[in-house]
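Engineer: Mind having a look at this structure? Questions to follow.
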Amino acid sequence: MPPPTSQPPPESAPTETRNAKGEWRPPYPVTYAPLLVWPPRPLAVLKWLVTYPGFMWPRNLTLLAISAFCWFYTQPDLTRCTRFTWDWLGQIYLRNLALIWLVYGGYYFILYILKTEGTKGKYDARWPATNSRVFLFGNQVYDNIFWTCGVAGLIWTAYEAVTLWLYANHRIPYLDWHTHPVLFVGWFFAIPFWREFHFYWIHRLIHWKPLYKHVHYLHHKNINPNPWSGMAMHPVETIAYLSVVLIHWVIPSHPFHFLFNLQHAALAPACGHHGFEGPILDGKLPTGSYFHYLHHRYFECNYGESTLPLDRWFGTFRDGLPKGAGTDLPGEHQGSPGPGFRS
């Protein structure tokens, strides 16, 4: 899901700029990375690639480090995956559950239980809904944990299990480090861009009225998202969203590339949905995505992320300022968000 949008240096903590509805917004517009601009800005691109915060730090390298740890210490050897057996299936399922609770639960613990930031930089000053008919169990957080941890975790594991079985039985193309070192490294740079491109088009698809009404409405119950909202999706949407990894069934790659792609898709939504503008933790951690919060607030904008300017190219970009880009877009979804929905 979306990385932090362009913002002042991380030492500049967000100020309490709120509108009449109590919603926080930055005094600057959300913008895109300086990657696909004219005239080209090579120095700005280089700075974005290597400085903190930027393309590599902190999000992509952190997720790559998690995948590397999992690959070397928790991943079943491919020789065990030639047949579906409960030992290695259970191993990856329990590992994936642990990652969900570590990342999603970690953000929730820091921001919503300890409340280390209070409501500073919180896009919507309200806390998650309780005693609400909109959500399962009458509680937004319990509902979101069920969909993210209970349902999405199983689908995530199913994608991983099938793909490992395909690799182990030589059913899909394999890329070896020793034979193609440049391509091997290049995959790690390409995956975040492929993820963003895939996400934009899948997201546009599920906003098609029939799919929105029966599938995507469930995710959009979270007008005021929290970390657990990230993968709180209908199973059909989760399957479509995680289909980003099917590229590895077609284009030669290594199981490590697949693992990075899958864990990137499965874990990044916690950052994009936790509901706060960074930096947090005494200004040390740039995080949050006002770019994506605007999509939850207004529905008909910002379907992609903030690296590839797909929303700008296709006329669905909103920059967040009261009179900025996209203010002429519809303010809410044109179809019903779903049964039982209340704003």
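Bear in mind that the values in this text are calculations on the coordinates, not laboratory data. This structure is a prediction, so every number in the text was calculated from the model and none was measured. Ideal geometry is used to build each Cβ from the backbone, glycine not excepted, and the neighbour counts take in all protein chains shown.
Engineer: Picking from Ile191, Trp156, Ile113, whose Cα lies most toward the positive end of the charge dipole for the chain (charges on Cβ: Lys, Arg +1; Asp, Glu -1)?
Structural biologist: Ile113
Engineer: Something else about it: Need the full-extension length gain, Tyr28 to His178, defined as separation in residues times 0.36 nm minus the C-alpha distance. One decimal, nm.
Structural biologist: Full extension from Tyr28 to His178 adds 49.3 nm.
Engineer: What FRET efficiency comes out for Lys323 versus Leu35 if R0 is 30 angstrom and r is the Cβ-Cβ distance? Round to the nearest 0.05.
Structural biologist: 0.65
Engineer: Could I ask something else about it? Let a ≥ b ≥ c be the square roots of the eigenvalues of the Cα gyration tensor of the range 152-236; is it rounded (a/c under 1.5), or, if not, prolate (a/b larger than b/c) or oblate?
Structural biologist: Judged from the Cα gyration tensor, the range 152-236 comes out prolate (a/c at least 1.5, a/b above b/c).
Engineer: Let me ask something else. Pop a pseudo-label 7 angstrom from the Cα along the beta-carbon direction at both Trp86 and Phe109 and give the gap in nm to one decimal.
Structural biologist: Placing both labels 7 Å beyond Cα along the Cβ direction yields 3.0 nm.
Engineer: Return the calculated 222 nm mean residue ellipticity for the chain, to the nearest 500 deg cm²/dmol, obtained by summing -39500 (n - 2.57) across DSSP H runs with n ≥ 4 and dividing by the residue count.
Structural biologist: Counting only the DSSP helices, I get -12500 deg cm²/dmol.
Engineer: Could you sort 309-320, 266-277 so that the peptide with the highest average Cβ count within 10 Å comes first and the rest follow in order?
Structural biologist: With the highest mean Cβ count within 10 Å placed first, the list reads 266-277, 309-320.
Engineer: Starting from the Cα-Cα distance between Ala158 and Leu205, subtract it from 0.36 nm times their residue separation and give me the gain in nm to one decimal.
Structural biologist: Answer, rounded to one decimal: 14.6 nm.
Engineer: May I ask you to list, by number, the DSSP H helices of the chain whose Cα span along the axis is at least 24 Å and whose average Kyte-Doolittle hydropathy reaches 0.5 or more?
Structural biologist: Qualifying helices: 181-206.
Engineer: On full extension of the chain, what length is gained from Phe314 through Phe72, given 0.36 nm per residue of separation minus the C-alpha to C-alpha distance?
Structural biologist: Taking 0.36 nm per residue and subtracting the Cα distance, the gain is 83.0 nm.
Engineer: May I ask you to derive the FRET efficiency for His214 and Phe189 from their Cβ-Cβ distance with R0 = 41 Å, giving the value to the nearest 0.05?
Structural biologist: 0.65
Engineer: Further question: Once label points are set 7 Å from the Cα along Cα→Cβ at both Leu49 and Ala125, what is their separation, rounded to one decimal in nm?
Structural biologist: Modelled inter-label distance: 4.4 nm.
Engineer: Another question about this same structure. Quick one: Debye curve from the C-alpha atoms of the range 42-313, no solvent, what's log10 I(q)/I(0) at q = 0.08 Å⁻¹?
Structural biologist: -0.33
Engineer: Among 111-121, 137-147, how do they line up from the highest to the lowest mean number of other beta-carbon atoms within 10 Å?
Structural biologist: By packing density, highest mean first, the sequence is 137-147, 111-121.
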